[in-house]
Amino acid sequence: LALHGRYGEDGAIQGLLEERRPSPHCLADRLDRYLREHADQPALHLTDLCAHFRISARYASRLFHDYIGVSFLERLSHHRAERARGLIASTHDPLYLIAEQCGFANARRFSETFHRLEGLSPRKYREICADGRKKCRWAEV
């Protein structure tokens, strides 16, 4: 009876299916949230997300592209760099340690990725934050 009122007579079965299988947009948001929460794991792969959400790699890749606008790897790099910005601005930890804490395979990969996404090296970003000449955009992260 509760289903009848919520979904109407013809929509009861469809409503149950929708509750079990989230919309693509909702699933993309959940994938992105999971990715952000686990980005610090250096061995994180698309297959890990797929196993967790019980979806195919092809479908997950399509969700990232269609609803987030970038590939899985690009989004993973974004989340890692975002966390790194906060740590660079708020700690005095060595950059190699920040790279490790953010899930980068090594300091060189971290530096290359950070520079590609931010337009400057992690070391230069730290200098700018320390100098106070510019307000660090992500100091509160």
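The values are calculated or read from the model by the stated rules, or taken from the named source; none is laboratory data. Computed from a prediction, not measured in an experiment: that's the story for all the values here. Neighbour counts run over all protein chains shown; Cβ positions are idealised from the backbone, glycine included. Areas reflect the complete protein model, heavy atoms only, side chains present, ligands, DNA and RNA absent. Shrake-Rupley method; radii C 1.70, N 1.55, O 1.52, S 1.80 Å.
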What percent of all Cα-Cα pairs in the range 24-118 falls into each 5 Å bin, going from 0 up to the bin containing the maximum distance?
3, 14, 25, 23, 15, 12, 7, 2, 0
Taking a probe of 1.4 angstrom, what is the accessible area of D66 in Å², to the nearest 10?
90 Å²
Derived scalar couplings ³J(HN,Hα) [the range 29-35; Karplus, 6.51 cos²θ - 1.76 cosθ + 1.60; whole Hz; x for Gly, Pro]
4, 5, 4, 5, 4, 4, 4
What do you reckon, how do R75, R30, R80 stack up by accessible area (1.4 Å probe), largest on top?
R30, R75, R80
Expressed in square angstrom to the nearest 10, the accessible area of E37 with a 1.4 Å probe stands at 110 Å²
Sorted list, accessible surface of protein heavy atoms, 1.4 Å probe, largest first, for I128, I88 is I128, I88
Rounded to the nearest 10 Å², what accessible area does I68 have for a 1.4 Å probe in the complete protein model?
50 Å²
Starting from the Cα of A43, move 7 Å in the Cα-to-Cβ direction to define the label point; list residues of the range 57-100 whose amide nitrogen is under 17 Å from there.
100
